[in-house]
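Accompanying notes for the structure given below.
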Protein chains: 2
Amino acid sequence: MKKYKGYLIDLDGTMYLGKDPIDGAKEFVDGLHKKSIPYLFVTNNSSATQDKVSRKLNQFGIKSTPDNVITTSLATAKYIREKKPNARCYVIGEEGIMQALKNEGLTVADDEDCDFVIVGIDRQVTYEKFAKACLNVRNGAEFISTNSDVSIPTERGMLPGNGSLTSVVSVSTGVDPVFIGKPESVIMEEALEMIGLSREEALMVGDNYLTDIQAGINAQIDTLMVFTGVTPFEKLEGLPEPPTYYVHNLKEWMDNI
Amino acid sequence: MKKYKGYLIDLDGTMYLGKDPIDGAKEFVDGLHKKSIPYLFVTNNSSATQDKVSRKLNQFGIKSTPDNVITTSLATAKYIREKKPNARCYVIGEEGIMQALKNEGLTVADDEDCDFVIVGIDRQVTYEKFAKACLNVRNGAEFISTNSDVSIPTERGMLPGNGSLTSVVSVSTGVDPVFIGKPESVIMEEALEMIGLSREEALMVGDNYLTDIQAGINAQIDTLMVFTGVTPFEKLEGLPEPPTYYVHNLKEWMDNI
């Protein structure tokens, strides 16, 4: 069995389920830590900061520092900075994306003449924000969306996700955004750069076939699927392209670290 | 030339352009009035009331009373009342739709257990409104959208239209709405009922091929296209199905009334 030099790891459904820990997750990360194998948590959540995500993991006893986390916000900010270091950005989004853009030296502006329009989940979104985003895109701003998740599981039920907010701008302008998050490759490329590994050296671990595993496949990174979250074992046979490996609990993987 | 017993007439681009009158519109309506030919203005605007629309026409010297107007809000309310007379409705929308629903005896509610979800243009829309709409649709409410227009022309430029707001709910839930407005047939059927004519007796007049003329075609009502608005004369040849008749100015039609 190939030994991987580093791990990219999904959060919800892989490390925890909402507010509950997932059995085996802590032990798995402890195992990586003990053997000094680097790991990076990869999340499509654009509203949280690296710090917040890391602290949540710590509450479950999972070893992490803010540097062990890449959010779609961080990947978005890095992606934009690489394209245009002093870019002016019109943003629909919450704290995570605002902070990530500013940390990368980018300007968050409120006018209709920006270089980029970025849409992330925003529970304070208004018609005026959508209007300004549309005007910017029509004026030629590059249109970026942190992730395409159409809904978010909450205690109230499935609420609108960023992919559905993004559709206001794409449907109105006729311009499709560049999506940064899983299953797109952008966040995976940024993750590899952050962890300092080539695609052959890393393994992507996750529970959701349509985001985590597809992201690995799209970025040509081997994948380990775990059935503790969204995609059940019963669906394995019907998958268009199977994961490289699968386990029912991450404890089963310990010998392969 | 066939004489029609009644006219269904579009507003923006046919009677006026934003705040400006269109040459020939007043004379055309005067001609109908003089010969006692009934007419009904058909608009995809869901935010205005019949009264408001009629007063705007009067300002341009065009003869109209509120009864001469059918909005998507009115058509939506009539459509729902026919399906379920005492329906409870969760509404994203402005004054026009709220008033139309109440006038038809329907209940506008704020919970997550409604019979219908109705999305109309709402410039005070919030994430919470989208969330409740999604929860209602997931709970089995019938999903209705007043119209599919993806953008609205304004002095600031093209802003998000109801079709783009509607997409938040359809993309998030995976449920497509019933659209009421042009080019769908629902508003045309309600218009025929309101004016008391069969489809063979009426003529649909409008400037926009994709909404007005398509609405006529979809509802099997003859169409008169006028090139004073959205669709230019140059596009006529390439249209998949031509209008029944066309003129450059509605004055040219006076002899056919």
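The values are calculated or read from the model by the stated rules, or taken from the named source; none is laboratory data. Note that this is a predicted model, so its numbers are computed, not measured. Virtual Cβ from ideal backbone geometry, glycine too; neighbours counted across all protein chains shown. Side chains are part of the model used for accessible areas, which takes the heavy atoms of the whole protein and leaves out ligands, DNA and RNA. Shrake-Rupley method; radii C 1.70, N 1.55, O 1.52, S 1.80 Å.
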*May I ask for the Kirkwood hydrodynamic radius of segment A:48-121, worked out over all distinct Cα pairs and given in angstroms to one decimal?*
12.8 Å
*With all protein chains present, how much of the accessible area of the protein assembly as shown (probe radius 1.4 Å) comes from carbon and sulfur, to the nearest whole percent?*
49 percent
*Could the peptides B:135-143, B:231-239, A:87-95, A:99-107 be put in order, highest first, of the mean number of other beta-carbon atoms found within 10 Å of their residues?*
A:87-95, B:135-143, A:99-107, B:231-239
*Calculate how many DSSP beta bridges within chain A are antiparallel, expressed in % of all such bridges and rounded to the nearest 5.*
15 percent
*What total accessible surface area, summed over both chains, is buried at the interface between chains A and B, computed with a 1.4 Å probe and given in Å² to the nearest 100?*
2300 Å²
*About the Cα centre of segment A:156-201, how large is the charge dipole given +1 on each Lys and Arg Cβ and -1 on each Asp and Glu Cβ? Please answer in debye to the nearest 20.*
380 debye
*Between B:Ser145 and residues 5 or more places away or on another chain, which pairs have amide H atoms under 5 Å apart, with H built 1.01 Å from N, and which residues are they?*
B:Val119, B:Val178, B:Phe179, B:Ile180
*asked:* With +1 on the Cβ of every Lys and Arg and -1 on the Cβ of every Asp and Glu, and nothing else charged, how large is the dipole of segment A:107-257 about its Cα centre, in debye rounded to the nearest 20?
replied: 480 debye
*asked:* What's the magnitude of the charge dipole for the protein assembly as shown around its Cα centre, counting Lys and Arg as +1 and Asp and Glu as -1 at the beta-carbon? Answer in Debye, nearest 20.
replied: 620 debye
*What nm distances, shortest first, do you get from the label point of B:Lys3 to those in the other copies when the point sits 7 angstrom along Cα to Cβ?*
9.6
*Report, for A:Glu189, each distance to the same residue's label point in the other copies, shortest first and in nm; define the point 7 Å along Cα→Cβ.*
5.0
*Between copies, how far does the label point of B:Gly18 sit from its twins, in nm, shortest first, when each point is 7 Å from Cα along Cα→Cβ?*
5.0
*Report, for segment A:85-179, the % of DSSP beta bridges that are antiparallel, rounded to 5.*
25 percent
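Among bridges DSSP assigns within the protein assembly as shown, what percent are antiparallel (round to 5)?
Approximately 15 percent, going by the DSSP bridge assignments.
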*asked:* Rounded, prolate or oblate, given the Cα gyration tensor of segment A:85-179, with a/c below 1.5 counting as rounded?
replied: oblate
*For peptide B:146-156, compute the average count of partner chain beta-carbon atoms within 10 Å of each residue's beta-carbon.*
2
*Between chains B and A there is a rotation axis; tell me the chain B residue with the nearest beta carbon and how many whole Å away it sits.*
B:Ser167, 2
*Provide the packing ranking of A:147-154, A:246-253, i.e. peptides ordered by the mean count of other C-beta atoms within 10 Å per residue, highest first.*
A:147-154, A:246-253
*Given the Cα-Cα distance of B:Glu193 and B:Gln59 and 0.36 nm per residue of separation, how much length would full extension add, in nm?*
45.5 nm
_Cut-off under 12 Å on the C-alpha distance; same-chain residues fewer than 8 positions from B:Lys84 excluded. Which aspartates and glutamates are left, in chain and number order?_
B:Glu104, B:Asp115, B:Glu142
*Mind putting together the pair-distance distribution for chain A? All Cα pairs, 10 Å bins, whole percent per bin, short to long.*
7, 31, 35, 19, 6, 0
*Which cross-chain or sequence-distant (5 or more) residues have an amide H under 5 Å from the amide H of A:Gly13, H modelled 1.01 Å from N in plane?*
A:Gly18
*Which whole DSSP H helices in chain B pass both tests: a Cα extent of 30 Å or more along the axis and a mean Kyte-Doolittle value no lower than 0.5?*
none
*Within 10 Å of each Cβ of A:165-178, how many other protein chain Cβ atoms are there on average?*
5
*Find the eigenvalues of the gyration tensor of the Cα atoms of the protein assembly as shown, then list the square roots of 5 times those eigenvalues as equivalent ellipsoid semi-axes, largest first, in whole angstrom.*
54, 23, 19
